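Asker: I have a structure here, written as structure tokens, and I will follow up with some questions on it.
Values in this text are rule-based calculations from the coordinates and carry no lab data. Values in this document were obtained by computation on a predicted structure and should not be read as measured data. Counting neighbours? That spans all protein chains shown, and the Cβs are built from the backbone with ideal geometry, glycine included.
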Amino acid sequence: MKRTLKLLGMVSILVTGSLMTLKASAATFQNGSVTIGVNGSLNGPVFPYLGTNPGMRMVINQQFATLLNRMPDLSLAPELVTKYWYANGGTKVYMQLSKTAVWSDGVPVTSQDVKLAVNFLASNYYNTVLQGTEGYRVTPIVGVNAVRSGSTSQVSGFHIVNSKEFYLQLTTPDATVVNEDLQGIMPLPSHLLANKSMSTWLNLPVIASASVGSGPYILNHSTLAEVSMKANPKFILGKPKLPQLNLIGVTPQSAQGLLEDGQIDLYSGLAPSQVAGLANSGLQILTTPSNEYTFLSFRDTRPGYFMPEFRQAVEYALNRTAIINAAVNGFGVLDNGPIPPSSFWYNQKLTGTYAYNPQLARDTLVKAGFHLGPTDWIVQPDGSPINPVIEYVQGDPYGQAEAQEIVKDLRYIAINAQLGPALSAQQMVTEMQTDSPQLTAFVMGWHLGVDPDPRGLWRSSDTFNLYTCNWTNTLNTAVSQSDQLIQQQATGSTAFSTSGRQTVLNTWQTLLNQQLPVDFLFTPDVIAAANKRLQNVVMSPLGPMNTWMWTESNPSATSSSVTS
């Protein structure tokens, strides 16, 4: 099972593949055609699970439908699968395919197509020869390890009930499997591939030209710099309203100029600093909260910092709106817990907690026994000083601005905070891992996967908890309760219904909101810019999605073609 985690400012993502030099052509695309700029090369086969960069992944996601549709709030809705349910205490997942789901050539999508995809994802050929990265999707299914070892070619835990229904036998009960893993499985056209060796698939004309698919758009033509896709009228969720999508690989640095010149109609992933210029050029700015958040962590092993009342006081003391303005030009929303407000699983009752209130911050400290020392700075209940040094990672896009604002806010309530030096990523990791006495407080961020499963992050034994929170003392009833709730939301008897799991996660979020193992700051926005003729773009924490719903407000408008 994949857990997508990232320490913001400490991990760089490199996009492979070269980008062509782009220039406007005299030719124009037909009415209804939209050109999307993507950060990445458009080099590679248009085949499920083989996209190695964001550009090719977007092309593949247009060509091939998934079992379930990811909604803007990261919840699930029907796509090829119209219904699913758990059985046998969560060890089986049943799924029913839509009776009307067909490939673009009119052949029905069947259980056999899903089985072929599961066997492919489990195969040694995919995971070793092709160096695939999505084999995790089938890891929870019984029999996958036998396929990977080469002792068989069929996953024994996949069972066909009939052409439109199947079930998966899981190695252990787990309520996160559908949302995190199985949702993104793309069936393969067994009527074209089933009787042929996997090693020959990518050379078959119908696959090499990507002329058959199940997604909203089908490949029309491609070059190293540009991909053109036509609408698939047989797409299960409805015929796309735009007849053609064009994708070109661009760099983030060139996106602004290409948008202003009309060479691309949409680009997502803009920096906050780019927005003002684009807004003045007449483009529409589209924003939505991302699936990440920033936080301030105090080393819980230090005297004073381990008291939840101290961290509560800090949360009241922080002018988080001012922090958002300083760090990301206002493009963000307040965070109040470990699941961002953009997520379907966010506990809405936490909204508005810890509103900026310096006086309440002071009162909270006094109630907990903190008081002014002889130098008029707050000291701990036993009279010892509390002088946090707020550190940040060199190169963190938000860190320095956050740290500066935090120091100012803490000093305003008489906490003698200091701005620490920028640490290299390696220095920060070393100080976190060794629990260096020099490290008292730091700002950082986490990027989450599509499922809110806290395992791997928040349990008392989890590495990220050890390094960032030290909220690990199981003699603390709150820590022990957190561990129990984390397990319950994944494997408990109520976890296998959406409402049951939501109830457990809401309780867990409330607990962390009250205990504040870290001081939650904000979630930065995903920022896109679009030509005003492009309407109904669906934004999500993953960027723009659901392209079949997009429309064009002015069909007479055209967009310049882009060539190498």
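Asker: Ranked from highest to lowest mean number of other Cβ atoms within 10 Å per residue, what is the order of the peptides 444-457, 496-509?
Answerer: The most tightly packed comes first, giving 444-457, 496-509.
Asker: What angle, in degrees between 0 and 90 and rounded to the nearest 10, separates the Cα long axis of helix 54-63 from the longest principal axis of the Cα atoms of the chain?
Answerer: So the helix axis and the longest Cα principal axis differ by about 50 degrees.
Asker: Roughly how tilted is helix 252-261, in degrees to the nearest 10 and between 0 and 90, from the longest Cα axis of the chain?
Answerer: The angle comes out at about 60 degrees.
Asker: Using label points projected 7 Å from each Cα along Cα→Cβ, tell me how many nm separate residue 477 and residue 387, to one decimal.
Answerer: For the pair residue 477/residue 387, the computed spacing is 3.7 nm.
Asker: Which pairs, out of 349/408; 83/115; 99/239; 164/230; 92/115, put more than 20 Å between their alpha-carbon atoms?
Answerer: Flagged as over cut-off: 349/408; 164/230.
Asker: Next up: Out of every Cα-Cα pair in the chain, what percent are more than 43 Å apart?
Answerer: Distances greater than 43 Å cover 25 percent of the Cα pairs.
Asker: Between 0 and 90 degrees, rounded to the nearest ten: what's the tilt of helix 111-122 against the longest Cα principal axis of the chain?
Answerer: 60 degrees
Asker: Percent of Cα-Cα pairs per 10 Å bin, from 0 to the last occupied bin, for region 65-200, please list those.
Answerer: For region 65-200, the binned pair fractions read 12, 45, 35, 8, 0 percent.
Asker: For the pair residue 100 and residue 510, how long in nm is the line joining their label points, each one 7 Å along Cα→Cβ?
Answerer: Rounded to a tenth, the inter-label distance reads 4.2 nm.
Asker: Go through 425-437, 306-318 and give me the packing order, highest mean Cβ count within 10 Å leading.
Answerer: Ranking the peptides 425-437, 306-318 by packing returns 306-318, 425-437.
Asker: Applying 1/(1 + (r/R0)^6) with R0 = 22 Å to the Cβ-Cβ distance of residue 353 and residue 408, what FRET efficiency is obtained, to the nearest 0.05?
Answerer: Working from the Cβ atoms, E equals 0.50.
Asker: Then there is this: Normalised by the number of residues in the chain, what is the relative contact order in percent for Cα pairs under 8 Å and 6+ residues apart?
Answerer: 22 percent
Asker: Sticking with this one: What per residue convex hull volume, in Å³, do the alpha-carbon atoms of region 430-560 yield?
Answerer: Cα-based convex hull of region 430-560, divided per residue, equals 171 Å³.
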